[in-house]
1. Given the conditions (1) crowded, with 19+ Cβ neighbours inside 10 Å; (2) closer than 30 Å to residue 310 by Cα, and given that residue 497 satisfies all but one, which numbered condition is not satisfied?
2. Considering (1) closer than 27 Å to residue 63 by Cα; (2) in contact (Cβ under 8 Å) with a residue 24 or more places away in the chain; (3) in contact with a Ser or Thr (Cβ under 9 Å, 6 or more places away or on another chain), say which one residue 227 fails and leave the rest.
3. Is there any pair linking a residue in the range 162-188 that is more than 17 Å from residue 75 (Cβ to Cβ) to one that is among the acidic types (Asp, Glu), with Cβ under 8 Å and at least six apart or on different chains, and which?
4. Would you confirm whether or not the range 193-200 contains a residue that is surrounded by 19 or more Cβ atoms within 10 Å (Cβ to Cβ), of a type outside the set (Val, Ile, Thr), assigned to a loop (DSSP other than H, G, I, E, B) and in the same structural domain as residue 256 (by TED's automatic domain parsing)?
5. Scan the range 524-547 residue by residue and report those that are of a type in the set (A, V, I, L, M, F, W, C), farther than 16 Å from residue 496 by Cβ and at pLDDT 90 or above.
6. Check every one of the strands (runs of 3 or more DSSP E) wholly within the range 83-145 and list those with 3 or more residues that are among the small types (Gly, Ala, Ser), surrounded by 15 or more Cβ atoms within 10 Å (Cβ to Cβ) and touching a residue at least 12 places away in the same chain (Cβ under 8 Å).
7. If residue 247 satisfies all but one of (1) over 27 Å from the mean Cα position of the chain (by Cα); (2) of a type in the set (Val, Ile, Thr); (3) part of a helix (DSSP H, G or I), what's the number of the condition it fails?
8. Can you run down the residue pairs with Cβ atoms below 8 Å, 6 or more apart or on separate chains, where the first is in the range 468-482 and more than 16 Å from residue 407 (Cβ to Cβ) and the partner is of a type outside the set (Phe, Trp, Tyr) and not in a strand (DSSP E or B)?
Amino acid sequence: MERTDYRKLYWKIITTTLTFSLVPLFALGATIYYQFRVSYTAKIMESLRTLTENRRNAIDLFFEERVSQLYTLAYTQSLDQLRDEKYLDQVFTLMQSRSKSFVDIGIIDRDGTHVTYVGPYNLAGVNYKNESWFHEVMLRGVYISDVFMGFRKYPHFIIAVLRREGDRSWILRATIDTEIFDAMVKAAQVGKRGDAYVVNREGILQTAPRFAGHLLGKIESPHTSQFSGIHVEEMQMNGETALFSTTWLKNKDWMLVIKEDPSQELTPLFEARYMMIGIIGLGVLVIVLGTVFVSRATVGQLIQSDREKAMLDASLVQSGKMAALGKLAAGIAHEVNNPLAVIKEKVGWMMDLLSEEDISQSENFKEFDDAVHKIDQHVERAKKVTHRLLGFARRMEPIKDKVDVNKLVDETIDFLENEAHYRNIVIQPEYHADLPTTLSDSSQLQQVVLNILNNAIDAIGKNGQIDVKTDYSVKDEQIVITISDNGPGIPNDQLDRIFDPFFTTKEVGMGTGLGLSISYTIVDKLGGRILVSSEVGKGTTFTIYLPVIRQEKA
């Protein structure tokens, strides 16, 4: 795959993972928040509705009790009795002992004259015939007025009851303490921005609101027409959005308005929203970081696997070439052996002729003799090379024969002498003098030593030294071969993998990664073991332990 393909795959993994992770997360978060908002808002609305209903019932009960008190007084006492100011004062004192909601009380005859008055104002003798409330009482029998200024020049409202006594009609009138009534209404105020007030049909305030407006002032009203029940809704009034709960009183055409600040009442909901946003944000961050990390790891592992596969493919190709080269070398060795044998035979015949014929007196006899012996010497050398090639081409199954390890190592060093000399690398042998022979496979053992020496030469490159030592452990009955170089060494993270098939520290194309793996397998089959130690910057040491196997006596 090309680099752009890996990048496309990387972003495709990230996009797919984030899509399938974040979409359900956002959907779940939105659903939970929506359900919570609906439930919480409904709970607030219901709580506000209950508060409004309770406050309305309390106000209605207040009016019913006041009306009931006046009815009881009017229909249990005669006009003559109540016209006595002292008697009326005693009755009013008794009423005040049970409820301080009245400010004053008075008796008004059918002509509208205030015949008797008990209270803080000087209203005796005042005529109310032209007042609207007087006519309402005469018409309806019971009347609760709106708040008005009246003769007192102070905001107040009255409750009046008509009594027909024979051919006489008179009115029992009482003024309600507006402070007590205001306190009853304001008891419904909730929170720092909450408010509660009462308005009439024309939108005139009958109680003083907490914030906007003033008593007897006109205010924007949520509803102008009368309705039954309780209305709770969020709306904008006087430039602010609030929750309004409204209901009409039963005994008076006044509307009770309770306002709550939604931002305050919905604070837990906002906190829950911010908490959910924070949790979702943290979840998104974790998912994104996890996705990026996993995607990088996955693509990185894929890149590494592709590289290893490419190296493996190259190594397999190289191994195939090496196998073919081994067969070719074996064939060449066989083909070369035949002419070498002929040359050897002819050299022997020439030596016989030189010894038999009387040509020793020839001027060139010495040169003939030297040339013949050199031909013989180089033929022997060529035969050794071909024998080694044939030995390396043999099958891997060990064949037991007597092996002189010192001689085998020396021959192997000789095989690499030219390569080492070319690179200015000194191979320094040190052999144990009394090293015993052992039964082993000389060709395979020679391949092991050759592989390690070859790796040491490649590791050093140029200008270095390789120490080759043989030793004998009497206690363990083992022959020890130690090959040390002063090359760059092997890092610790690679040291445990150098015997793995196809693992190589060389550049691509410079090695198959099979040499040490094959060497490890050969030594193991021969009953021995191979160890490695290395220090970066100082070099590497391979140690081969071979058991001493002696030939059984017949």
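The values are calculated or read from the model by the stated rules, or taken from the named source; none is laboratory data. In this text, all values refer to a predicted model and were calculated from it rather than measured experimentally. Because the Cβ atoms are built from the backbone with ideal geometry, glycine has one as well, and the counts that use them run over all protein chains shown.
1. (1)
2. (2)
3. Short answer, once both residue conditions are applied: 175/104.
4. Residues of the range 193-200 that are surrounded by 19 or more Cβ atoms within 10 Å (Cβ to Cβ), as a first pass: 194-199.
Imposing the further condition that a residue be of a type outside the set (Val, Ile, Thr) reduces the set to 194-197.
Going one step further and asking which of them are assigned to a loop (DSSP other than H, G, I, E, B), we end up with 194.
Adding the requirement that they be in the same structural domain as residue 256 (by TED's automatic domain parsing) leaves 194.
Yes, some residue in the range 193-200 is surrounded by 19 or more Cβ atoms within 10 Å (Cβ to Cβ), of a type outside the set (Val, Ile, Thr), assigned to a loop (DSSP other than H, G, I, E, B) and in the same structural domain as residue 256 (by TED's automatic domain parsing).
5. Filtering the range 524-547 down to residues of a type in the set (A, V, I, L, M, F, W, C) leaves 526, 530-532, 536, 542, 544, 546.
If we keep only those that are farther than 16 Å from residue 496 by Cβ too, we end up with 526, 544, 546.
Once the filter is applied, which keeps residues that are of a type in the set (A, V, I, L, M, F, W, C), farther than 16 Å from residue 496 by Cβ and at pLDDT 90 or above, the range 524-547 yields 544, 546.
6. Working: elements: 102-109, 114-118, 142-144.
No strands (runs of 3 or more DSSP E) qualify here.
7. (3)
8. Qualifying pairs under 8 Å: 477/548; 478/528; 478/548.
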